[in-house]
Amino acid sequence: ELRGVVALDGPSGTGKSSAARRLAASLGARYLDTGAMYRAVTLAVLRAGVDPADAERVTEVARTLRLVQGSDPQRSTTTLDGTDVGTDIRGPEVTLAVSPVSAVPQVRELLVAQQRAIIAAALEDAGGIVVEGRDIGTVVVPDAELKVYLTADAQARAQRRTRQDNASGRTSTVDATLADVQRRDAYDSSRAVSPLRPAEDAVELDTTSLDLAGVLAALVDLVEQRG
Ligand code: C5P
């Protein structure tokens with residue numbers, strides 16, 4: 001059983017999401033996918049016909065939408081104004097526009113506040129939560145019980161993402177995905193507010209040669225060491 005917060009950060013394609021969800025389920029804990037929240041705001045921005053680079057209008061959209069992010073690891077749901085958007089937020093349009101939207105400070109402020117509220121409620125209800133994102137250990141929960149920063153070679157991450165995309169019916173190639181992964185890494189790591197970087201007290205876990213079971217086992221070990 002997990003007491004407190006496990007913060008999982010790192011770039012995309014490290015196996016973070018699958019491992020985070022399973023880790024939470026196996027520990028009887030809650031699970032929060034913060035990337036889904038940035039994606040949902042991005043979807044709302046695109047649907048409103050707003051330019052993702054227009055920080056002022058993006059902020060307006062973020063202020064007015066009704067976003068509900070679930071914290072059940074078995075079925076992590078994302079709804080916008082009452083409608084499930086779990087599939088739409090994984091599409092290529094959102095993936096392309098999410099980095100500029102999530103670089104807007106006001107968007108981060110709104111979502112971080114919401115994330116902290118979800119985490120507080122989960123701790124109250126279930127005692128523990130696994131939270132994944134880019135700034136969980138550095139900004140959202142700087143006093144998390146355990147912080148893990150997942151890494152992997154860009155090529156390995158592109159291969160993972162391509163397999164996931166193809167499995168969920170979106171055709172993509174490793175080359176195109178590699179370009180996308182590198183573009184998002186560069187953007188997320190260089191933004192002024194909450195850039196992607198490991199917290200000083202994070203444990204780094206290189207998942208290049210690990211499969212899902214391997215990543216999960218390494219995380220369970222780390223949780224047990226901390227317990
Ligand atoms: O994890 P996922 O790939 O769904 O995240 C999508 C994007 O959301 C990231 O590329 C990043 O720009 C943004 N993000 C963020 N902070 C987080 C989680 C995600 O800026 N905590």
| request: Have a look at Leu212, Leu222 and point out the one that is surrounded by fewer than 18 Cβ atoms within 10 Å (Cβ to Cβ), under 23 Å from Leu27 (Cα atoms) and either within 12 Å of the ligand (Cβ to nearest atom) or at pLDDT below 95 (or both). | output: Leu212
| For segment 109-124, which residues satisfy the criterion of being more than 18 Å from Ala48 (Cβ to Cβ), within 11 Å of the ligand (Cβ to nearest atom) and crowded, with 20+ Cβ neighbours inside 10 Å? | Gln115
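Per-residue answers, yes or no, for (1) part of a helix (DSSP H, G or I); (2) under 22 Å from Thr42 (Cβ atoms):
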{"position": "Ala117", "(1), (2)": "yes, yes"}
{"position": "Thr162", "(1), (2)": "yes, yes"}
{"position": "Asn166", "(1), (2)": "yes, no"}
{"position": "Ser172", "(1), (2)": "no, yes"}
{"position": "Ala176", "(1), (2)": "yes, yes"}
| request: Name every residue in segment 19-33 that is of a type outside the set (Phe, Trp, Tyr) and more than 21 Å from Asp188 (Cα to Cα), in order of residue number. | output: Ala19, Arg21, Arg22, Leu23, Ala24, Ala25, Ser26, Leu27, Gly28, Ala29, Arg30
| segment 138-157: number of residues that are part of a helix (DSSP H, G or I) and in contact with an Asp or Glu (Cβ under 8 Å, 6 or more places away or on another chain) | 2
| Filter segment 160-171 for residues that are without any contact (Cβ under 8 Å) to a residue 60 or more places away in the chain and polar (S, T, N, Q); which is surrounded by the fewest Cβ atoms within 10 Å (Cβ to Cβ)? | Thr171
| Given segment 11-84, what helices (runs of 4 or more DSSP H) lie entirely inside it while holding 3 or more residues that are within 13 Å of the ligand (Cβ to nearest atom), modelled with pLDDT under 95 and closer than 21 Å to Leu222 by Cβ? | 16-27
| task | Test Ala97 against the criterion of being among the small types (Gly, Ala, Ser), assigned to a helix (DSSP H, G or I), within 13 Å of the ligand (Cβ to nearest atom) and closer than 27 Å to Pro195 by Cβ, and give yes or no. | result | yes
| remark: Scanning segment 60-78 residue by residue, the ones that are in contact with a helix residue (DSSP H, G or I) (Cβ under 8 Å, 6 or more places away or on another chain), surrounded by fewer than 18 Cβ atoms within 10 Å (Cβ to Cβ) and closer than 18 Å to Val101 by Cα total 2
| Qualifying positions in segment 195-207 - surrounded by fewer than 19 Cβ atoms within 10 Å (Cβ to Cβ) and either within 24 Å of Val98 (Cβ to Cβ) or modelled with pLDDT under 95 (or both) | Pro195, Arg197, Pro198
| query | Which members of segment 125-140 meet the condition of being surrounded by 24 or more Cβ atoms within 10 Å (Cβ to Cβ), within 13 Å of the ligand (Cβ to nearest atom) and farther than 16 Å from Met37 by Cα? | reply | Gly137
| Inside segment 1-10, can you point out the residues that are surrounded by fewer than 20 Cβ atoms within 10 Å (Cβ to Cβ) and outside any strand (DSSP E or B)? | Glu1, Arg3
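The values are calculated or read from the model by the stated rules, or taken from the named source; none is laboratory data. All figures in this text were calculated on a predicted structure; none of them were measured in a lab. For neighbour counting, all protein chains shown are included, and Cβ atoms are generated from backbone atoms with ideal geometry for every residue, glycine included.
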